[in-house]
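> I have a structure here, written as structure tokens, and I will follow up with some questions on it.
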Amino acid sequence: FEDGLIVKGTVSIRNVKIPLSIIEDMEPSMAQTIGNMTNEETFLISTGSSINFDTKARTYNYDLDFSASGFGGIKFEVGLADMDFQVIKDAAKSQNIIEALAVWPEIFEDIAISSIKINYNDQELADTLLQEMSDEDEIIEMAEMPLEMFLEQYQSEKALLLEAIKSFLKGKNSFMLSMTTNTPIKLKDVEMLFMEGDLTKAAKFDFQGN
């Protein structure tokens, strides 16, 4: 804690057993699918999160993960900068909810992003879903059209992303995407940079699949 606010901490809940009988009462078909994937009468879920707010450097790092046995696990990591601790503290401690809410637009006006990372590790979920879908080439074709529209000004990144998707469809093991900025980018400026085709000048993108 610092001045009454949590600035660093970790919360973790691991290997909570969920009996399939609970799910079977509500969704029998889902329970059967889970049972086929796990070969167990129960499945395990885990989740955790952590924060690290460096009030002097004005940086804030947040991690969140979730996994379910037989399915897979996903982890989100976000790095922020230009976080004004004093303003945030005043908003959090304000007894007047209207005044507190009025401060948050000011906070978001200044916040910058320094990194984003999403990492997915598969167990059986991809195999199960892809059994019901078209072959890999057709899935790539389905993905290519919206990506061409969305990433029209970012052809190199589109090619890297498609290659990562192909590798994931082949290996069905893991998929990762990340963005790391050269210097922190104000959140309010991200859309403009993207629309003008300049986002890759301010940040590096990475996509990996296997």
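The values are calculated or read from the model by the stated rules, or taken from the named source; none is laboratory data. No experiment lies behind these values; they were computed from the predicted model shown. Glycine also receives a Cβ, built like all others from the backbone with ideal geometry; neighbour counts cover every protein chain displayed. Side chains included, ligands, DNA and RNA excluded: accessible areas come from the protein's heavy atoms. Shrake-Rupley method; radii C 1.70, N 1.55, O 1.52, S 1.80 Å.
> Quick check for me: using +1 on Lys/Arg Cβ and -1 on Asp/Glu Cβ, what's the dipole size of the chain about its Cα centre, in debye to the nearest 20? Write down the numbers at each step before the final one.
Working: 17 positive and 37 negative charges, 191 e Å.
With only Lys, Arg, Asp and Glu charged at Cβ, the dipole is about 920 debye.
> For Phe150 and Trp104, compute 0.36 nm times the residue count separating them, minus their Cα-Cα distance, and round to one decimal in nm. List each step's numbers first, then the result.
On the way: separation 46, 0.36 × 46 = 16.56 nm, distance 3.02 nm.
The Phe150-Trp104 span can extend by a further 13.5 nm.
> A further question follows. What is the chain by shape, rounded, prolate or oblate, if you read a ≥ b ≥ c off the alpha carbon gyration tensor as root eigenvalues and call it rounded for a/c under 1.5, prolate for a/b larger than b/c, and oblate otherwise? Before the final figure, lay out each step's value.
Values: a/c = 2.51, a/b = 1.28, b/c = 1.96.
It is oblate, given that a/c is not under 1.5 and a/b is not larger than b/c.
> Under a plain spin-label model, where a point goes 7 Å from the Cα along Cα-to-Cβ, how far apart in nm are Glu141 and Tyr62?
So the two model labels end up 4.1 nm from each other.
> I've got another one for you. Taking Cα pairs under 8 Å and at least six residues apart, what relative contact order does the chain come out at, in percent? Can you show the working numbers first?
Values: 356 pairs, mean separation 34.3, N = 210.
Computed over the chain, the figure is 16 percent.
> Right, next: Over 20 Å between C-alpha atoms is what I'm after, so list which of Lys117/Lys204; Lys56/Lys201; Lys75/Lys158; Lys117/Lys158; Lys158/Lys201; Lys89/Lys117 land there. Walk me through the numbers before you get to the answer.
Values: Lys117/Lys204 12 Å; Lys56/Lys201 28 Å; Lys75/Lys158 23 Å; Lys117/Lys158 17 Å; Lys158/Lys201 15 Å; Lys89/Lys117 27 Å.
Checking Cα-Cα distances, Lys56/Lys201; Lys75/Lys158; Lys89/Lys117 exceed 20 Å.
> Taking the solvent-accessible surface of protein heavy atoms with a 1.4 Å probe, what is the per residue accessible area of the range 62-210 in Å²? Display every interim value, and only then the final one.
Working: 9070 Å² over 149 residues.
Accessible area per residue, the range 62-210: 61 Å².
> Here is a follow-up. Angle, helix 28-38 long axis vs. longest principal axis of the chain, Cα atoms, 0 to 90°, nearest 10?
Tilt relative to the chain: about 90 degrees.
> Here is a follow-up. State the percentage of accessible surface on the range 1-41 attributable to carbon and sulfur atoms; use a 1.4 Å probe and exclude ligands, DNA and RNA.
Working: 1690 of 3230 Å².
Exposed carbon and sulfur together represent 52 percent of the surface.
> Let's see if you can work this out: charge +1 on each Lys and Arg Cβ, -1 on each Asp and Glu Cβ, no other charges. What is the dipole magnitude of the range 35-95 about its Cα centre, in debye to the nearest 20? Mind dumping the intermediate values first?
Values: 5 positive and 9 negative charges, 59 e Å.
Result for the range 35-95 is approximately 280 debye, rounded to the nearest 20.
> Another question, then. Quick check: residue separation of Lys204 and Thr33 times 0.36 nm, minus the Cα distance between them. What number comes out in nm? Let's see the in-between values first.
Numbers: separation 171, 0.36 × 171 = 61.56 nm, distance 3.91 nm.
Result for the pair: 57.7 nm of gain on full extension.
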